[in-house]
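Before any comments, here is the structure.
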Amino acid sequence: MKEKISNYQVFWLNLAMIMPTFVLIVPKTLAESDKLGWVSAIFSGTSTGFLQYLLLKLSFDFSNKSVIQDCMALLGSIIGKIIILPYIFVILLDTTLILYEIVIFIKVVMPRSSYIVTSIALALLETYATYTGIENLARLSVIAMFIMIASTVLILIITIFYFDLFNFNRLKPIVFNFKSIVRRSLVSSDWFRLILTLLLIFKPYLKNKNGTIKSSLLGNLLIQLIIVILFIFSIAVFEINLTKNLSFPFYNLTKSITRGSETIVFFM
């Protein structure tokens, strides 16, 4: 019998689904909602969290099989396969976009690197990690995300000591625009939706279904907290208009602090 994914691993796996790319691009994306972009992140994270709880609970109560197998059991083999095609398409699209964002970032840091070579290398690495087993992928996520969280916290702590860079008056004036907040939250909800999408695929490998729901929601809350901190720091340093035009604000923020810290971000 294959080893199951524990609740502890689920928590870190949730972070691994989102953090490697959102740490880089979040401030720029949310800045389109102006200075209340952090509210969009909380709105999208909270609303997606409710949906995540509901769908995971219903799916776990229905069976221990994957969502693809559930669709076939409910709708039959032919209709089930047709219905599940958009779901599979979304997974492929998400994977491709994440890979694309990482390749673009590597190209910015290493201008002489090749798009094709980098894409193939990353794709082969991801394929190998998955081929060795979902359980191994979960264990790898624990190690990788622990390093990433620790590095992010370290950089933020270092950032605090550079008082001259910060001007929190750049967060003012705050103009509440509900339509803008909701519109931008729809975009950022894709980050949180990744958790739900992949956990439904991983369902047969999960050790404790109720514990999985709690761990995934805790991951959701931690991601919201990190997003809010990164956004506020970015606006306080770069102001709103510059943040909108920076491809990777967090990377630029570390470069503004001290030489060498951007290497930590690249490693992360």
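The values are calculated or read from the model by the stated rules, or taken from the named source; none is laboratory data. Not measured: the values here are computed from a predicted model. Here the Cβ positions follow ideal geometry from the backbone for every residue, glycine too, while neighbour counts run over all protein chains shown. Surface areas here come from the heavy atoms of the whole protein model, side chains and all, with no ligands, DNA or RNA. Shrake-Rupley method; radii C 1.70, N 1.55, O 1.52, S 1.80 Å.
Values computed for the structure shown
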item	result
For the chain, accessible area per residue (1.4 Å probe, heavy atoms of protein chains only), Å²	54
Residue range of the chain that is longest and free of chymotrypsin sites (Phe, Trp or Tyr not before Pro) which are both DSSP loop and sparsely packed (at most 15 other C-beta within 10 Å)	1-160
Region 1-108: trypsin sites (Lys or Arg not before Pro) in DSSP loop, at most 10 other beta carbons within 10 Å	K2
Average projected area [Cα convex hull, the chain], square nanometres	15.4
Reachable lysines from K255, criterion Cα separation under 19 angstrom, eight or more residues apart if same chain	K28, K107, K244
Stokes-Einstein D (µm²/s) once Rh is taken as the Kirkwood radius of region 123-182 over alpha-carbon pairs, at 25 °C in 0.890 mPa s	156
Sequence-distant residues sharing a close amide H with L206 (under 5 Å, placed H)	I5
Sequence-distant lysines (8 or more away, or on other chains) whose Cα lies within less than 22 Å of K4	K57, K65, K203, K207, K209, K214
